[in-house]
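Asker: There's a structure below that I have some questions on.
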Amino acid sequence: MTGEMKAVRYYGIQDVRFETVKRPVPAPDEVLIRIAYAGICGSDLHIYNKGMFVETIPEVMGHEFVGQIQEAGAEVKDFQAGDLVAGNPMVTCGSCPGCRAGLPNTCGSLAFIGEVCQGCFAEYITMKEEKLIRLKPGADLKQAALTEPLAVALNICEMAELTPEDDLAIIGAGPIGLLTVLTAKTLYNVGSVTVLGRSGFRVKLAKRLGADCVLSAFEEDRQYTKMIEAAGKQETLQKAISHTAPGGSVYIVSIFKEQFPFDINAVVASQLRLIGCNAYEKRHLKRAAELLSDGRLDVSPLITDVVPLEACGQAFKALNEKEKTQAKILFKPDGDSV
Ligand SMILES: [Zn+2]
Ligand SMILES: [Zn+2]
């Protein structure tokens, strides 16, 4: 199958364009997927605003998607046309210490589709069989579109070894912070989850997803046993450190746009653990796909907008607003009933 397709390509800072490009052709070990939904991620905003990560320009953006296999290459064994799938968007080297240790998310040259090769803000994408995550027939594709960000939250909750006894605070009410609230409350029954956020709309969402307490500022002397930093700023990291109880743990899950100094002596004095969490492993993607296909986690409150690819300019602008009224925006490339 050859031809053209519609796509959203990145051209430079705050310059994304809806265009017609060549439809990719699957190699013998690849499938061609017709994209049903594709989500805009925080890292897409880093690309949009700062030009981070992206190596080729112009490039079709996007790494979060679900779709249906349209065509399978001759060497593809376990998948066939008609199967519903999500994809593992990580691009890894396969040979560095992280990759060799079986932790591809710590690959020294970790990148994602939509940054170093064609992404999923398009009608079609090709992908190797080994990267596919199977969805159950009849899965709710709109919810399953959050497989990838949910995998991030599952990795965070696993790293944090959450228990019902935890007094957990999450700084940041973006999609990752919000999915972590839902996972912590629904799958780990964490006793107390507090969310600190700037956007009134998003902290309300946090409450709806199960947060016990939502705040725009921490009370001065209040400290938590576990802290998740999902906002990615100097001031929020500093807050995370000063509001974690002695002996407690701070999980740093953001990609920071800048390097900066912070109070390392406070970490020493209170014997805090600072732990980084990056992306996920394939097993987290599989688990996320199962949880969403089974309807065990309801992420629908997070999906605030479903738009056609043509609306890429407005969608990125909306996510850049200071006072946000969106959480997850999904593209629906075939455009009908959006
Ligand atoms: Zn993502
Ligand atoms: Zn590697």
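The values are calculated or read from the model by the stated rules, or taken from the named source; none is laboratory data. Note that the structure is a prediction, hence the values are computed from the model and not measured. Virtual Cβ from ideal backbone geometry, glycine too; neighbours counted across all protein chains shown. Heads up: the accessible areas ignore ligands, DNA and RNA and are worked out on the full protein's heavy atoms, side chains in. Shrake-Rupley method; radii C 1.70, N 1.55, O 1.52, S 1.80 Å.
Asker: How much space per residue, in cubic angstrom, does the convex hull of the C-alpha atoms of the range 274-318 take up?
Answerer: Considering the Cα atoms of the range 274-318, their hull volume per residue is 164 Å³.
Asker: Moving to a separate point now. Which percent of Cα pairs goes in each bin when the distances of the range 57-193 are cut into 5 angstrom slices starting at zero?
Answerer: That works out to 2, 9, 15, 17, 18, 17, 13, 6, 3, 1, 0, in percent per bin.
Asker: Let me ask something else about it. Using only the alpha carbons of the chain, what is the convex hull's orientation-averaged projected area in square nanometres?
Answerer: Reported value for the Cα convex hull: 16.7 nm².
Asker: List the aspartates and glutamates whose Cα lies under 15 Å from the Cα of residue 317, skipping any in the same chain that are fewer than 8 positions away.
Answerer: By straight Cα distance, residue 317 reaches 15, 44, 305.
Asker: Which whole-percent values make up P(r) of the range 183-244 when all C-alpha to C-alpha distances are grouped in 10 Å steps starting at zero?
Answerer: Histogramming the range 183-244 at 10 Å steps yields 21, 54, 25, 0 percent.
Asker: What is the count of Lys pairs in the range 155-239 whose alpha carbons sit under 17 Å apart, if the two are 8 or more places apart or on different chains? Could the numbers behind the result be given before it?
Answerer: On the way: 185/204; 185/207; 185/226; 226/239.
Lysine pairs meeting the criterion: 4.
Asker: Would you report the distance distribution of C-alpha pairs in the range 240-309 as whole percents per 5 angstrom bin, up to the bin with the largest distance?
Answerer: 3, 12, 14, 13, 14, 14, 13, 10, 5, 2, 0
Asker: So what is the accessible area of the range 261-338 per residue, in Å², with the probe set to 1.4 Å? Walk me through the numbers before you get to the answer.
Answerer: Working: 3920 Å² over 78 residues.
Accessible area per residue, the range 261-338: 50 Å².
Asker: Long-range amide H contacts for residue 244: which residues qualify at under 5 Å (H placed 1.01 Å from N, peptide plane, sequence gap of 5 or more or a different chain)?
Answerer: 224
Asker: Something else about it: Looking at the range 12-69, which GluC sites (Glu not before Pro) are DSSP coil and have at most 15 other C-beta atoms within 10 Å of their C-beta?
Answerer: On the way: sites: 19, 30, 55, 59, 64; in loops: 55.
Answer by residue number: 55.
Asker: Relative contact order of the chain, please, whole-number percent, based on alpha carbon pairs below 8 angstrom and at least 6 residues apart.
Answerer: Values: 786 pairs, mean separation 62.5, N = 338.
Across the chain, relative contact order equals 18 percent.
Asker: For the range 1-43, what is Rg from Cα atoms divided by 2.2 N^0.38 Å, rounded to two decimals?
Answerer: Details: Rg = 12.9 Å, N = 43, 2.2 N^0.38 = 9.2 Å.
For the range 1-43, the normalised Cα radius of gyration comes out at 1.40.
Asker: How long are the semi-axes of the ellipsoid equivalent to the range 13-75, from square roots of 5 times the Cα gyration tensor eigenvalues, in whole Å, largest first?
Answerer: Computed over the range 13-75, the values are 26, 13, 11 Å.
Asker: I need the semi-axes of the equivalent ellipsoid of the range 203-338: take the C-alpha gyration tensor, multiply each eigenvalue by 5, square-root it, list largest first in whole angstrom.
Answerer: Value: 33, 19, 16 Å, ordered largest first.
Asker: Extending each Cα 7 Å along its Cβ direction at residue 75 and residue 219, get the distance between those two points in nm, one decimal.
Answerer: With each label placed 7 Å out from Cα toward Cβ, I get 6.2 nm.
Asker: Cross-link candidates for residue 286: which aspartates and glutamates have Cα within less than 20 Å, leaving aside residues fewer than 8 places away along the same chain?
Answerer: Of all the aspartates and glutamates, those that pass the test against residue 286 - Cα under 20 Å, at least 8 places apart if same chain - are 30, 64, 78, 83, 129, 130, 140, 148, 158, 161, 294, 298.
Asker: Considering only protein heavy atoms and a 1.4 Å probe, what is the carbon-and-sulfur percentage of the accessible area of the range 1-127?
Answerer: Carbon and sulfur: 48 percent of the exposed surface of the range 1-127.
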